[in-house]
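Have a look at the structure below before the remarks.
The values are calculated or read from the model by the stated rules, or taken from the named source; none is laboratory data. Just so you know, these numbers come straight off a predicted model, no measurement behind them. Here Cβ is always computed from backbone atoms with ideal geometry, including for glycine, and neighbour counts include all displayed protein chains.
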Amino acid sequence: MPSKISPSTALLLTVAPLMWAGNAVVGRIMAPLVPPVTLNLLRWLLAALILLPIGWRVFRANSGLWQAWKPLALMGFFGIGCYNGFQYFALRTSTPLNITLVAASMPIWMMVVGALLFRVYPSRRQLLAALFSIAGVLVVLSRGDVSQLLALRLVPGDLFMLVAALCWAIYSWLLMRAVIPAALRNDWAAFLLGQMLFGVMWSGVATALEWQLTDARIVWGWPFIGGLLFIALGPALVAYRCWGLGVQRAGPTIAAFFSNLTPLITALLSAFLLAEWPKLYHAVAFALIVSGIYLSAQR
């Protein structure tokens, strides 16, 4: 791993958190315009169509798609269907800043999933880092008020985001442990498109249920169209590619520090676009979460 990173690599690793923060803010703005599961389906359907011209090789007979359809179906379910769907559910009742801070509990879920499903156990330092992350998440859930935490007064959106974080942890382990043909894994566009195909399928079933069981409707207009274009291009495609290149150049340890820019950028975007100004407990939670990541990154 290099001791220094170039400005171009730093830019790549900053673009991804910027896109993810934008996804949370734009998702909050679009909450009154479109149902959450429908938004997730439209987002990934549009992203798949955009990616098709460079990822079409996934449809070749020897691409590996058909041999690896089971793990791809699971990755599409947890990473594209469940994670993003629950995130948009969360944004209907919680703020973008809270959502991104609660999402910082993902390292905890990573350890739990790794230990229970793959028998990969965390070190003592990682457990200590997890305690800092848990403390940061609890500060967010309690809104900085211990009495609220003791009374278990939780916003539904925060709970939805905790479930989303668990889904992302399962997805991440599948990315590392699933048996995928080398030709498919090394072609990032085809690999992502393969996951999207199954994710769109799962999201399509969930969307049909959403429209059948609720009074779902879409408020058509330029705010809806513009927001949909952004979340399909930015968080779904640009962020994925920039993050992949950045991790290849700098390594996952350094990249992890950049991922924690997401709550900070979200706070700035929320303040200017939604007039949702951060509070003192947000700063405390952010400091705890960053401390946990720093501890986990030490050799």
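Tabulated data
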quantity: Where LEU12 falls short, out of the listed (1) among the hydrophobic types (A, V, I, L, M, F, W, C); (2) over 30 Å from LEU162 (Cβ atoms); (3) not in a loop (DSSP other than H, G, I, E, B); calculated: (2)
quantity: Of all residues in the range 89-141 being outside any helix (DSSP H, G or I) and crowded, with 19+ Cβ neighbours inside 10 Å, the one that is modelled with the lowest pLDDT; calculated: THR95
quantity: Test: residue in the range 54-73 that is assigned to a helix (DSSP H, G or I), small (Gly, Ala, Ser) and without any contact (Cβ under 8 Å) to a residue 40 or more places away in the chain; calculated: no
quantity: Boolean, GLY227 is within 16 Å of the chain's Cα centre (by Cα), more than 28 Å from LEU288 (Cα to Cα) and modelled with pLDDT of 70 or more; calculated: no
quantity: Residue match in the range 166-180 (condition: of a type outside the set (Val, Ile, Thr), modelled with pLDDT of 80 or more and farther than 21 Å from PHE86 by Cβ); calculated: yes
quantity: Residue in the range 69-88 that is surrounded by 18 or more Cβ atoms within 10 Å (Cβ to Cβ), aromatic (Phe, Trp, Tyr), on the phi < 0 side of the Ramachandran plot and in contact with a Leu (Cβ under 6 Å, 6 or more places away or on another chain) present; calculated: yes
